[in-house]
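This report refers to the structure that appears directly beneath it.
The values are calculated or read from the model by the stated rules, or taken from the named source; none is laboratory data. Source: prediction; values computed, not measured. FYI the Cβ positions are ideal-geometry reconstructions off the backbone, even for glycines, and counts take in every protein chain you see. The protein model used for the area step is the full one, side chains on, heavy atoms only, and it has no ligands, DNA or RNA in it. Shrake-Rupley method; radii C 1.70, N 1.55, O 1.52, S 1.80 Å.
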Amino acid sequence: MSNLLEVRSLHTLYGDSHVLHGVSFDIKKGQAVSLMGRNGMGKTTTLKSILGVLTPRSGQVRFQDQDLDGLPTWQRMRRDIAYVPEGRGMFHNLSVKEHLLMAARPNQRREVLWDYDRVLATFPRLQERLGNLGTQLSGGEQQMLAIGRALMTNPDLLILDEATEGLAPLIRKEIWDVIRTIKASGVSTLIVDKNIQVLEKICDHHIVLVKGRVMFEGDSQQLLTQRDEVESHLGV
Amino acid sequence: MFTNRAEKLFVWVFFPLALLMPLLLDQNTYYVNKLATILILSIFVMSLDYLVGRCGLVTLGHALFYGMGGYLFVMLAPEYEAVNFWIYTFYVLAISSVVALIVGFIVLRTSGIYMIMITLALAQMCFYFFSDSTEFGGNDGVFIYVKPETSVFGLNLFDLDNPTHFYYLCLLSLFNCLLFFKLIMRSKFGRIVDAVQENPERTTALGYNVFHFRLASYVIASALGAYAGYLFALQYGFVNPSMLSWQTSGTALVMSILGGLGTLYGAILGTLVYEGLHYGFEHLTENWLLPMGVLIILMVLAFRHGLAGYLESLLEKRK
Amino acid sequence: MSDTELVLETEALCKYWGGLKALDDLSLQFRDRQLHGIVGPNGAGKSTLLNLLCGTYSPTRGRILHKGEAIESIKPYEFSRRGIGRGFQKTNIYPSATCLENCSIAAQRRVGGSFNIFRSRHSEKLLTEMAEQALEKVGLAHRRDAVASRISYGEQRQLEIATVLATAPCVLLLDEPMAGMGHEESQLIIQLLKTLKQDYCIVLVEHDMDAVFELSDQLTVMVDGQHLITDTVDQVRDDPRVKEAYLGQGDEVI
Amino acid sequence: MDITLFLFQLMNGVQYGLLLFLIASGLTLVFGVMGILNLAHGSMYMVGAYLAWYFTNSTGSFGMAAVISAIIALLLGILIERTLIIRLYRRNHLDQVLLTIGLIFVFNALQSLLWGNDPLGVAVPAWLDGAIPLTDMIEYPVYRLFVSGLCILIAIGMYLTINRTRLGMLIRAGESNRDMVECLGVDINRLYTLVFAAGVALAAIAGIVSAPMVSVVPGMGEHVLISCFVVVVIGGMGSIKGAFVGALMVGIVDTFSSIMLPQISSMMIYILMAVVLLIRPKGLFAN
Amino acid sequence: AEPVKVGVMLPFSGVYAALGDAGRNGLKLALQQNAAQLHGREIEFLELDTEAKPERAPELASSLLDKDKADFIIGPVHSGVAMGMSKVLRNKDAIMIIPNAGAAAATGPLCAPNVFRTSFSSWQPSYPMGKVALDAGYKKVVTMSWNYGMGKESLEAFEESFTAGGGEIVKQILVPFPKTEFQPYITDIAATAPDAVFVFFAGGGAVKFVKDYNALGLSDKIPLLGAGFLTEGTLEAQGDAAEGILTTLHYADNLDNPANHKFRQDYASSFGKPADIYAVQGYDAGLLIAQAMNTLGGDISDRKALIKAMEESTIDSPRGKFTFSKAHNPVQDIYLRKVVNGENQVLSIAAQALEDPARGCKL
Ligand SMILES: Nc1ncnc2c1ncn2[C@@H]1O[C@H](COP(=O)(O)OP(=O)(O)OP(=O)(O)O)[C@@H](O)[C@H]1O
Ligand SMILES: Nc1ncnc2c1ncn2[C@@H]1O[C@H](COP(=O)(O)OP(=O)(O)OP(=O)(O)O)[C@@H](O)[C@H]1O
Ligand SMILES: [Mg+2]
Ligand SMILES: [Mg+2]
């Protein structure tokens, strides 16, 4: 299996404060990878550095064997990466329907796996709220919309930052199911979440960040064996 | 009181220098007058800066109060009799406060661009009222023939007909104004003013009536704006509706942004630099608009937080 | 169970958004020194309920009683003055102020003197103490002087609670305080809420079931704006309707 | 006022309102939809009028001049956005006030240097230079009807683009959260450059088509600026429909108040705006 | 000897810039042509842009007076600015010469020994039109102008002579300044159907008005009369729409006198465009200075003598010879003109040596 995403020794700073201290990891095609860590350890920063929302001081990001360094965010996303940000990124002046339609685009191979109807079928709750503005939705509905919107771009790599935050158990389960489906369809995912029990089952590969450094990296088997160590990193 | 390094530096350089200025200028009537005008404008701009920069209430109708300061005097004072300056200062402050209370009650129901526009609308109405009026000189303006005297308990402090005296009155006013605003910002009231600007929703949820704080600030700033207009009217004894025009509000806004929004002392800086450039270019070339415009554009691009911000970053680097 | 005083009460409370019944005919009772959990699927109207209870929205119909007095038509800021404090679902703090200042703003409401333009904001010891205490309680004391925008998301959530605590409320309305928090911090909040509920009436909306089950004295389940059940945790947990509508069957990952 | 006179005045009001919409349309886009506070909008209007005058004289054809001027304006818009506005998106909105006031100064100076200060006139193109007699007293110039038609076309076009197309959704989304739009793989910078340029071009087009009806004079931009903002705000930020209704309201109210309430007609559009905002603090059609 | 300092306070930017330009051009031309009369003294020009902002007028006037110690201060165009200037300059050492602003007050209640005007009072160009209208047999007239001092004074002056001769003003329309949406008013005029319309407009507004009036088809149905500014400096922009308009003014392009021929030729060759009334008025301000200096042999230090010399001078202006009234306003002929082929052509003299009543002046 070849590497889909290669992240090499990222160093990212906010002004003077050095947050990432050489983060490196790989994501293989079709893999689901979890990124865990306590609050403020640099998970979101890592994601934003990969996407080019933040400019790392040094380090490389390669996606599908191409260098992403120096490319603007939109060009990176165009190579079929999708992002569900922490805080959901709703547009206050667009309706639910418009949120989905505006994002719609086939992937680089010009396939359309996710279209408007499929997204609505996946999140029936949204169906009822099509005319509402994004910010008028309940928290969970917003989360679904954010995922749906990301799927509309037919990504090869889906990056989820705390995607199940604020979701009811039943819906959370639905989301995990969706992620499974997505994974089964060959889309890779990078998931930031705190629910280690679930991640253990869904993801093939796990990364734990502590203070901007990768403290653990391994598959679910390794995670199981080193459970205690990992949990101490996570403060469980 | 003046905690910020740049601010301290500015205050320590500006005010002593301003004190000496009439002596340095050999009491040249024009220059002293010109500087006094700048000081008056600084008061006006500072009151706007407080409103825009510290309270987040952007208005394009501040000239309403500037003009009101002038016209109130014209309306209240007898035409050929010297009145007492301090009593009329009180009148101007009191009446403009009442007006501001009413106006604020209306305009503060809206926010953002809508507030900008509704303040503009009210100021324009007032502008046209005086512009079309026959009793207040209409478009051509009115003269104030007799300047007030300034005695307190028989002690005559300033002779307003003397430019140097008038200059010191303006300087004193400006200094007090800055002090007053600093006091406010340092106070417990100021804390809530800051809070309201940054997150009104949160502040409401914490149990503050945001509207009251905004209204109080609006009244304070408007009254001081009116005071500036009152001084301006007295300086040459000429009041014209153009004091009320939106261009007056707009220019003040430009000065306060240029100076560095919300820094208060930046208002003085902004006024000084804007007027200085205006003066310089105007005497340099008839097409002064061109260099002036280009320089303004360059300054916006170069200074993230206005001149005050630039000053601060300079001091930061040296540290 | 219902031995403590009734603090907050809703009677047939309704909130409609156009045709949507976000909240329909809800009658609940919240008691002092109890933690009242509210759960329900997304969009069930939980946040709407909290928004009504703290005056952000005004109800379409129905009444809200605080210690027997109808308060549904008073001004939003007066809710807080009556001691109804609220934490938001979306983090809602003063981003450019320090953590301490965030809490000071809140504490000053109680100390008073907010229209005093002559008193320095830093002069009052009592006020600072109250703010520090609030930070202490949520475990943010070490971040006292950090600017709020620069602390992590989880910490911001903690700060949010601290801010509410600094107003010294008697009713605490919390909307998903644990969302986005790590285990350790969540644990901290759970502990905190445990202590707090000995003094306050707390209304907690949360999707973290472990926390809700552990903390709630009473638990209400809402579905689509309607009241489903209010009972003790054990009763609710085993209710088949709740399983169907909210919890789902068994483990999260099938 | 008898019924024919009333109808005439109504027609005047509608025609003025349509023209106002045209002049404000660029602002609706740049300010209402994109959220850029462009005070130099009036200057763009002025530039359009002067360009139209210049090229009408040099090419001898108004139609040709209109096309050339509109293209120049579009390029000018791209230039301004790329070099100046782009640096301000992430900064305080009020910096845009300062910048665009600087631009007003520059444009006024350039106008004076390039074209002098005398009032200039552009003749109505011959193929539109007719008039339709309405009564034995009054006739209505064909050109004005043509302009009204153009305004309606532009209004419909803008409405559909902004509200119905994916492009329009992206533009609106950008106003709400630029980063997020970029995270969906959209080149938001280029998009905004184009929209800004389109706004500038619309302002210039308004200037171009107005040129034969008005006098091309220094300061003509500043006069229309406030009216444009009034129109956009009455309608509600970001709403094309609102701007359209707002423009018609202003046009009609202004027309009738001129005749029926001359004492306060100067204040009338401000009174109108104040009343609208007091009843609906976010304008008529804000969402 | 020291150069004579001539301060120029005119609008060089904004709406009135064209008027400022023309006035200054005329002034400079006059002083250049008559350099011989200055007895070897150089002229130093100090130019300030008033931006037509009244609130800045006192400060700028003070700049010329107190800082530069100007001997003459020429300005302004705008009446509000004139008021602000006169507040500072009245009874001061410098001589103020107004080359355009018509405000009655300047040579009325506010007249002063050191304030001269080489242009007109707003009364002058409009008053004679009343008689012209009566002679043409118009009985009912609608008057219209912007709602500001100059406009209102013009309409009053017209009304004064027109109603005195038995005419009737059926409607007076005052348009808010500087609005140029004239269509509703013109429609209203059409509905009123008067014998003629008398208007005061100038500059860009005049262009717009004449175009609108023509576009709505009224120009060949209801004759348009105006104070001459309606067609001064605006004819090119107005194009055909202006043909046939009758105006009264103290000047016309084709006045047949040597001074005018020479002036127009020199002006056109110096500045590349035809002269208009604003240029003439500036020119005459220059002539006034030159002539007074000539009388005094170049020594203007005695201001009393200077004022006397100015008061007594007769200006050989392109508009014809004129003298000054007690209030320092020109006593001049007013011509009736008609626009023919894009030119203001003289039909007759509408009023001979007309003197402003100078109401309220105590000189
Ligand atoms: N805009 C910013 N400016 C300065 N520092 C920041 C900024 N954003 C984040 N930080 C700091 O960077 C560190 C990492 O933040 P980040 O948001 O990446 O953490 P995280 O792992 O995503 O945490 P969480 O689980 O709370 O979302 C934190 O310590 C935070 O204080
Ligand atoms: N301002 C509004 N305008 C229209 N509809 C709204 C508005 N606010 C909320 N709603 C709708 O009301 C319903 C209830 O929303 P609410 O936010 O109370 O849900 P919730 O129970 O808090 O859900 P979650 O657990 O996802 O936060 C939702 O369907 C939402 O779309
Ligand atoms: Mg994060
Ligand atoms: Mg909620």
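Annotations for the structure displayed:
- Options B:THR59, B:THR3: the member that is of a type in the set (Val, Ile, Thr) and either in contact with a Lys or Arg (Cβ under 6 Å, 6 or more places away or on another chain) or surrounded by 23 or more Cβ atoms within 10 Å (Cβ to Cβ) (or both): B:THR59
- Scanning the range A:157-190 for residues that are within 16 Å of ligand 4 (Cβ to nearest atom) and either within 22 Å of A:GLU6 (Cα to Cα) or away from every other protein chain (no Cβ under 12 Å) (or both) yields a single hit, A:GLU162.
- Residue under evaluation A:ALA121, criteria (1) within 18 Å of A:ILE81 (Cα to Cα); (2) in a helix (DSSP H, G or I), criterion not met: (1)
- Screening the range B:236-260 for residues that are under 27 Å from B:ALA302 (Cα atoms) and among the β-branched types (Val, Ile, Thr) and picking the one that is surrounded by the most Cβ atoms within 10 Å (Cβ to Cβ) gives B:ILE257.
- The range C:175-189: number of residues that are more than 14 Å from ligand 1 (Cβ to nearest atom), open to solvent by less than 10 Å² (accessible area, probe 1.4 Å) and not in a loop (DSSP other than H, G, I, E, B): 1
- Residue selected from the range C:201-224 under the condition within 22 Å of A:THR164 (Cα to Cα) and assigned to a loop (DSSP other than H, G, I, E, B), by the criterion nearest to ligand 1 (Cβ to nearest atom): C:ASP208
- Filtering the range A:45-53 for residues that are surrounded by 23 or more Cβ atoms within 10 Å (Cβ to Cβ), more than 19 Å from A:LEU20 (Cβ to Cβ), among the hydrophobic types (A, V, I, L, M, F, W, C) and more than 9 Å from every other protein chain (Cβ to nearest Cβ) leaves an empty set.
- Within the range E:286-308, none of the residues are within 14 Å of chain D (Cβ to nearest Cβ) and not acidic (Asp, Glu).
- Test: residue in the range A:117-139 that is in contact with a Phe, Trp or Tyr (Cβ under 6 Å, 6 or more places away or on another chain) and either open to solvent by less than 30 Å² (accessible area, probe 1.4 Å) or acidic (Asp, Glu) (or both): yes
- Checked against (1) modelled with pLDDT of 95 or more; (2) in contact with a Pro (Cβ under 6 Å, 6 or more places away or on another chain), B:VAL273 passes all but condition (2).
- Of all residues in the range C:23-44 being open to solvent by 10 Å² or more (accessible area, probe 1.4 Å) and within 16 Å of ligand 4 (Cβ to nearest atom), the one that is nearest to C:LYS90 (Cα to Cα): C:GLY43
- Pairs with Cβ under 6 Å, 6+ apart, first in the range A:58-84 and assigned to a loop (DSSP other than H, G, I, E, B), second surrounded by 16 or more Cβ atoms within 10 Å (Cβ to Cβ): A:LEU68/A:VAL61; A:LEU68/A:ARG76; A:ARG79/A:PHE63; A:ASP80/A:ASN107; A:ASP80/A:PRO155; A:ASP80/A:ASP156
- Meets criteria (at the interface with another protein chain (Cβ under 9 Å from one of its Cβ atoms), under 20 Å from C:THR195 (Cβ atoms) and of a type outside the set (D, E, K, R)) for C:ALA106: yes
- Subset of the range E:123-154 [free of Cβ contacts under 8 Å to residues at least 40 places away in the same chain and crowded, with 24+ Cβ neighbours inside 10 Å]: E:GLY130
- Scope the range E:185-217; condition of a type in the set (Asp, Glu) and open to solvent by 10 Å² or more (accessible area, probe 1.4 Å); matching residues: E:ASP188, E:ASP195
- Against the list (1) under 28 Å from D:LEU134 (Cα atoms); (2) within 14 Å of chain D (Cβ to nearest Cβ); (3) aromatic (Phe, Trp, Tyr), the condition E:PHE177 fails is (1).
- In the range C:139-162, the residues that are within 11 Å of chain A (Cβ to nearest Cβ) and within 16 Å of ligand 2 (Cβ to nearest atom): C:ARG157
- Which numbered condition D:THR161 misses (of (1) assigned to a helix (DSSP H, G or I); (2) in contact (Cβ under 8 Å) with a residue 24 or more places away in the chain): (2)
- One residue stands out among those in the range B:145-170 that are among the aliphatic types (A, V, I, L, M) and open to solvent by less than 10 Å² (accessible area, probe 1.4 Å): the one that is nearest to B:LEU17 (Cα to Cα), which is B:LEU169.
- Leading residue by the ranking (modelled with the highest pLDDT) among those in the range A:114-139 that are among the basic types (Lys, Arg) and near ligand 2 (Cβ under 10 Å from one of its atoms): A:ARG129
- Checked against (1) assigned to a helix (DSSP H, G or I); (2) over 24 Å from the mean Cα position of the chain (by Cα); (3) within 16 Å of ligand 1 (Cβ to nearest atom); (4) not β-branched (Val, Ile, Thr), C:ASP145 meets all criteria but (1).
- Filter result (assigned to a loop (DSSP other than H, G, I, E, B), touching a strand residue (DSSP E or B) at 6+ places or on another chain (Cβ under 8 Å) and either facing chain B (nearest Cβ under 8 Å) or open to solvent by less than 50 Å² (accessible area, probe 1.4 Å) (or both)) within the range C:57-94: C:PRO59, C:ILE71, C:GLU72, C:GLY83, C:PHE88, C:GLN89
- Residue count for the range C:47-74, restricted to those that are within 13 Å of C:ARG86 (Cβ to Cβ) and in contact with a helix residue (DSSP H, G or I) (Cβ under 9 Å, 6 or more places away or on another chain): 6
- Matching residues in the range B:107-142 - criterion: being within 7 Å of another protein chain (Cβ to nearest Cβ) and β-branched (Val, Ile, Thr): B:THR110, B:ILE113, B:ILE118
- Applying the condition of being touching a His at 6+ places or on another chain (Cβ under 9 Å) and within 13 Å of chain C (Cβ to nearest Cβ) to the range A:140-156 and asking which residue is farthest from ligand 2 (Cβ to nearest atom) yields A:ALA146.
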